[in-house]
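Remarks on the structure that follows.
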Amino acid sequence: MTEHMTTRLSLPLVQQAQSQKHVTVNESLARLDGLVNLVLVSLSRKNPPGSAIDGACFAVPAGAGGDWAGQDGQIAIASNNGWIFAAPQAGMRAFVADQGMQAIYDGDAWVPGALSLGGFGSALCARTAEAEVSLSPGTEIVTDLTIPAASLVIGATARVAEEIRGSMASWRMGTAGAADRFGSGLGVQAQSWARGMLSQPFTYWEPAPVILSATGGSFISGKVRIAAHWLELTVPR
């Protein structure tokens, strides 16, 4: 055990005859409040927010600035208008809020979406990406949601957030060369949805943007929220 601190979470310990014991106890409680059922707001934010609710946690990336400078790799925990820092331990789990997925710490870095994690850092990861697409006039929209290379895609889902208007009868969702891979004959009314689960998961070896295409006409306007769901294998260190 490190002097005056617990080994795993570095909780400050009250010492015999210590004055102002409440300061030590309060710091330990603040660390526990952040680290128990850990939620990381972000893994990539380089600078601390102007204000943060006590207990909010961030994974400090390399090259961070401001009050996080020199704390690369630490967990920053907001506390009393400032920050306290804790070192993550191998095997620690967290929910990454800005990515919407679990992550496991492999001893060097957080691995988003990890379902399993080997001793050399190899992992099976389940990942999701989302986008809200505003439709513009035309027959095809190449979205900003790109399926990454070497992904085993399970499927894609969608919901019409604002009614799709135009001369088309319906629409399709897919990728280049497979315009209806994730659905065809899809509805245009608000709250219509699509669950494009593949009967046989498909591996994309090159990055592929999700494409929305009109059937029997063209788009004029509308808004669709889409999501892609896939598995990835990471290689050992």
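The values are calculated or read from the model by the stated rules, or taken from the named source; none is laboratory data. Quick caveat: nothing in here was measured; it's all calculated off a predicted structure. Positions of Cβ are generated from backbone atoms using ideal geometry, with glycine treated the same way; all protein chains shown enter the neighbour counts. Accessible surface areas use protein heavy atoms only, side chains included; no ligands, DNA or RNA. Shrake-Rupley method; radii C 1.70, N 1.55, O 1.52, S 1.80 Å.
Overview of results
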{"item": "Mean separation of Cα contacts under 8 Å (6+ apart) over length of region 1-92, as relative contact order %", "result": "20 percent"}
{"item": "CD proxy at 222 nm, helix term only [per DSSP H run n ≥ 4: -39500 (n - 2.57); per residue of the chain; nearest 500]", "result": "-2000 deg cm²/dmol"}
{"item": "Estimated FRET transfer efficiency when R0 is 45 angstrom, pair residue 167-residue 233 (beta carbons, to 0.05)", "result": "0.55"}
{"item": "Assigned charges on the beta-carbon of Lys, Arg, Asp, Glu; the chain dipole about Cα centre (debye)", "result": "340 debye"}
{"item": "Inter-part distance where region 119-163 and region 19-33 are each reduced to a Cα centre, Å", "result": "44 Å"}
{"item": "Of all accessible heavy-atom area on the chain, the percent that carbon and sulfur account for (1.4 Å)", "result": "52 percent"}
{"item": "Region 43-122, dipole about Cα centre (Lys/Arg Cβ +1, Asp/Glu Cβ -1), debye to the nearest 20", "result": "80 debye"}
{"item": "Largest-first ordering by accessible area, 1.4 Å probe, given options 229, 22", "result": "22, 229"}
{"item": "Residue-normalised accessible area of the chain, given per residue in Å² at a 1.4 Å probe", "result": "54 Å²"}
{"item": "Charge-dipole axis of region 119-237 as Lys and Arg at +1 and Asp and Glu at -1 on Cβ define it, positive-most pick from 133, 176, 199", "result": "199"}
{"item": "Ordering of 10-21, 78-89 by packing [mean C-beta count within 10 Å, highest first]", "result": "78-89, 10-21"}
{"item": "Relative contact order of the chain, defined on C-alpha pairs under 8 angstrom at six or more residues apart (%)", "result": "18 percent"}
{"item": "Counted charge near residue 121, where neighbours are those whose Cβ lies closer than 11 Å (Asp, Glu -1; Lys, Arg +1)", "result": "-1"}
{"item": "Segment residue 178-residue 193, length gained on full extension (0.36 nm per residue, minus Cα span)", "result": "3.4 nm"}
{"item": "Size of charge dipole - region 159-237 - debye, nearest 20, with Cβ of Lys, Arg +1 and Asp, Glu -1, no other charges", "result": "140 debye"}
{"item": "Cα long-axis angle, helix 21-35 against the chain (0 to 90 degrees, to the nearest 10)", "result": "20 degrees"}
{"item": "Surrounding net charge for residue 76, when Lys and Arg each add one and Asp and Glu each subtract one, Cβ distance under 13 Å", "result": "0"}
